[in-house]
Amino acid sequence: MTSSYARPVRWLHWLLALLLLAQFAFGFWLSEVPRNTPERGLFINLHKTFGLLIGSLILLRIFFRLKSLAPPLPLPGWQKYLAKASHFVLYFLMLLMPLSGYLAANFSKHGVKFFNRFVLPAWGPDDKFFYTIFNQTHKVAALLMLSFIALHLLAAAGHGLRRDGIFSRISLRPF
Ligand code: HEM
Ligand code: HEM
């Protein structure tokens, strides 16, 4: 019987927590950069580049999570159900964020310039309607995901205060 998540799952949880929070800050900061300037293009493409790299790490995380057994949750029924449901929503939003950004980029003439060097040409038409749908999805999903992260942090703080062992399931240990 396992008592904590597999090592790659634990490491990827904390690496992605850091990267995702930085990517959120970067995304919101983009609105400060004046439109129709070369700088905006540079920063937007960096945001897209990091977003695609983070998206790949998210896929890797999901792969490791599906490959290994999760330790059984030592919580009463309703808490277990809420924890599982909120984790599922977090995974769904972790996929939706990079996917909606990527789709929006491919329904605009800009596509993605990886690290501002390698052009990944858009494979979709330059279509305002689809661009707006995916771009709005990206924005709404960002707010939704931040709300779920806030709930997740509250729950984590609660478990930490109660010292009920939940933290040690995901904490980093060298071995
Ligand atoms: C962007 C930020 C974060 C995201 C997207 C995220 C997402 C997740 C997900 C999806 C799980 C479930 C793991 C699984 O069952 O596969 C999880 C577990 C956990 N997270 Fe986070 N997390 C984030 C940040 C944090 C932070 C900052 C803390 C602590 C301060 C934290 C504490 C925990 C704990 C204690 C667990 C273990 C819960 C359990 O044992 O089932 N997370 N996280
Ligand atoms: C983990 C991945 C990602 C996160 C957490 C993230 C987060 C964000 C956030 C918080 C914003 C600001 C939203 C707002 O102003 O309301 C934003 C904007 C943006 N994101 Fe992302 N993003 C991610 C991936 C991507 C990817 C992969 C692309 C494209 C390939 C992308 C393209 C954009 C663009 C173009 C904007 C500016 C939208 C505008 O101002 O109209 N993002 N992102």
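The values are calculated or read from the model by the stated rules, or taken from the named source; none is laboratory data. The structure displayed is predicted, hence computed values, not measured ones. Please note: Cβ atoms are built from the backbone with ideal geometry, for glycine as well, and neighbour counts cover all protein chains shown. Just the protein is used for accessible areas: all its heavy atoms, side chains included, with ligands, DNA and RNA removed. Shrake-Rupley method; radii C 1.70, N 1.55, O 1.52, S 1.80 Å.
Output the residue which, of all residues in region 97-135 that are open to solvent by less than 30 Å² (accessible area, probe 1.4 Å) and assigned to a helix (DSSP H, G or I), is nearest to ligand 1 (Cβ to nearest atom). It comes out as Met97. Here region 158-175 is the region considered, the condition is being assigned to a helix (DSSP H, G or I) and open to solvent by 50 Å² or more (accessible area, probe 1.4 Å), and the residue that is nearest to Lys84 (Cα to Cα) is Phe167.
Can you tell me which residue is nearest to the chain's Cα centre (by Cα) among those in region 67-90 that are hydrophobic (A, V, I, L, M, F, W, C), more than 9 Å from ligand 1 (Cβ to nearest atom) and open to solvent by 70 Å² or more (accessible area, probe 1.4 Å)?
So the first thing to find is which residues in region 67-90 are hydrophobic (A, V, I, L, M, F, W, C), and the list is 69-70, 73, 75, 78, 82-83, 85, 88-90.
In the following step, the residues that additionally are more than 9 Å from ligand 1 (Cβ to nearest atom) were identified as 69, 78, 82, 85.
Adding the requirement that they be open to solvent by 70 Å² or more (accessible area, probe 1.4 Å) leaves 69, 78, 82.
Working: Leu69: 22, Trp78: 26, Leu82: 20 Å.
Per the criteria, the residue is Leu82.
Scanning region 3-26 for residues that are within 10 Å of ligand 1 (Cβ to nearest atom), assigned to a helix (DSSP H, G or I) and of a type outside the set (A, V, I, L, M, F, W, C) yields Arg10, His13, Gln23. Of the listed requirements (1) open to solvent by 60 Å² or more (accessible area, probe 1.4 Å); (2) not in a helix (DSSP H, G or I), Ser31 misses just one: (2).
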